[in-house]
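For reference, the structure is listed below as structure tokens.
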Amino acid sequence: MKNSAKIYVAGHRGMVGSAILRKLQKDGYTNFVLRTSKELDLRNQHAVEVFFQAERPEYVFLAAAKVGGIIANNTYRADFLYENLAIQNNIIHNAYLTGVKKLLFLGSSCIYPKLASQPLKEEYLLSGYLESTNESYAIAKIAGIKLCEAYRSQYGCDFISVMPTNLYGPNDNYDLQNSHVLPAMIRKFHEAKKNDLSSVTLWGTGLPMREFLHADDMAAACVYLMEHYSESELVNVGTGMDVTIKELAETVKKIVGFKGDLFWDSSKPDGTPRKLMDVSKLHSYGWRHAIELEEGIGMAYQDFLDHYTSLRMG
């Protein structure tokens with residue numbers, strides 16, 4: 001990509017999209033076309049068509065999606081499936097119609113079967129049953145991957161797909177009803193500290209294992225792959241290292257400074273037992289993560305304090 005290339009970052013105010021925009025700006029790119037969800041409803045087929053015909057971006061980072069944690073995914077199944085399919089279909093199809101040079105689609109590690117062998121290799125896609133609690137979101141993301149593959153196969157479009165592991169960082173969602181595990185922990189421990197609570201109770205057993213990647217690392221990988229990768233097969237993006245949810249909780253507890261007890265409600269679902277990405281393919285293309293987990297959680301907590309003032313300690 002030339003620094004003057006016209007780039008559309010779909011979802012530029014979300015955690016991943018905003019990180020991609022920051023990375024591109026840092027690297028000297030200057031020609032962006034951006035729309036908020038109020039300015040452009042990506043679920044609206046006609047509106048997206050008009051936008052692409054008028055703006056004609058050369059490169060597209062498709063980071064827009066309806067996202068949430070276990071509760072949200074399990075409760076709003078129709079919304080997660082319909083809205084994500086609509087967003088993807090509209091952007092990918094109009095990228096083809098207007099001759100976009102290259103598109104990068106962001107999927108999710110939940111596309112892989114619940115009981116797939118670990119670590120998760122790219123070829124494990126569609127090799128088994130999905131985790132039921134986020135099946136709708138996963139099916140939508142799988143459709144996006146296959147849509148990129150199909151447009152490449154039928155029309156020669158340079159559309160690529162990347163699968164991030166669990167992400168966290170600036171502009172994360174801290175709503176306890178629909179956030180992911182790490183930001184939910186940050187908020188829970190912060191509020192417990194603020195309110196002098198004696199304990200915090202978290203969902204599940206704490207035994208499942210998860211891998212976490214800072215959003216700034218994810219953005220760096222996306223820009224790198226946009227410049228260096230042009231194959232049909234998806235690419236996993238992660239650290240290649242995981243921790244138990246219990247270990248994660250202890251780390252967040254320490255960083256936030258909560259001194260009380262930690263309990264686990266085993267009547268609540270754990271989700272997938274383990275989700276570790278095989279990132280050997282990514283490493284073979286010359287990219288590795290830079291931000292380690294404890295450092296990244298410290299950065300995320302500072303961002304939480306800086307930007308969620310209604311929850312700050314006095």
Task: Any chance ARG312 is modelled with pLDDT of 95 or more, on the phi < 0 side of the Ramachandran plot, out of contact with any strand residue (DSSP E or B) (no Cβ under 6 Å at 6 or more places or on another chain) and basic (Lys, Arg) - done: no
- [ ] Check every one of the helices (runs of 4 or more DSSP H) wholly within segment 3-91 and list those with 2 or more residues that are surrounded by fewer than 17 Cβ atoms within 10 Å (Cβ to Cβ).
- [x] 15-26, 45-55
Open item on the list: Among the residues of segment 128-145, are any part of a helix (DSSP H, G or I), within 17 Å of ILE92 (Cα to Cα), touching a strand residue (DSSP E or B) at 6+ places or on another chain (Cβ under 7 Å) and β-branched (Val, Ile, Thr)?
Closed with: yes
- [ ] Kindly list, by first and then second residue, each pair from a residue in segment 98-109 that is on the phi > 0 side of the Ramachandran plot and touching a residue at least 12 places away in the same chain (Cβ under 8 Å) to a residue that is of a type in the set (D, E, K, R) and in a loop (DSSP other than H, G, I, E, B), limited to pairs with Cβ atoms under 8 Å and residues at least 6 apart or on different chains.
- [x] GLY99/ARG56
Open item on the list: Against the definition (in contact with a helix residue (DSSP H, G or I) (Cβ under 9 Å, 6 or more places away or on another chain), small (Gly, Ala, Ser), in a loop (DSSP other than H, G, I, E, B) and more than 22 Å from ARG77 (Cβ to Cβ)), how does SER161 come out, yes or no?
Closed with: no
Open item on the list: Looking at segment 167-209 only, could you name the residues that are in contact with a helix residue (DSSP H, G or I) (Cβ under 8 Å, 6 or more places away or on another chain), part of a strand (DSSP E or B) and more than 15 Å from GLY296 (Cα to Cα)?
Closed with: SER199, VAL200, LEU202, TRP203, MET209
Open item on the list: Any residue at all in segment 203-216 that's farther than 25 Å from ARG152 by Cα and of a type in the set (Val, Ile, Thr)?
Closed with: yes
TODO: Identify all residues within segment 255-291 that are under 21 Å from LEU167 (Cα atoms), charged (D, E, K, R) and surrounded by 14 or more Cβ atoms within 10 Å (Cβ to Cβ); write none if there are none.
DONE: ASP270, ARG274, LYS275, ASP278, LYS281
Open item on the list: Being more than 14 Å from the chain's Cα centre (by Cα) and surrounded by 19 or more Cβ atoms within 10 Å (Cβ to Cβ) is true for just one of LEU176, LEU225. Which residue is that?
Closed with: LEU225
TODO: Could you list all residues from segment 280-304 that are in contact with a strand residue (DSSP E or B) (Cβ under 6 Å, 6 or more places away or on another chain), part of a helix (DSSP H, G or I) and under 15 Å from MET15 (Cβ atoms)?
DONE: GLY296, ALA300
Open item on the list: Tell me yes or no: at least one residue of segment 128-150 is modelled with pLDDT of 95 or more, over 30 Å from ALA300 (Cα atoms), in contact with a Lys or Arg (Cβ under 7 Å, 6 or more places away or on another chain) and aliphatic (A, V, I, L, M).
Closed with: no
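The values are calculated or read from the model by the stated rules, or taken from the named source; none is laboratory data. Worth saying up front: this structure is predicted, and the values here are computed from it rather than measured. Note that each Cβ is placed from the backbone with ideal geometry, even for glycine, and that neighbours are counted across all protein chains shown.
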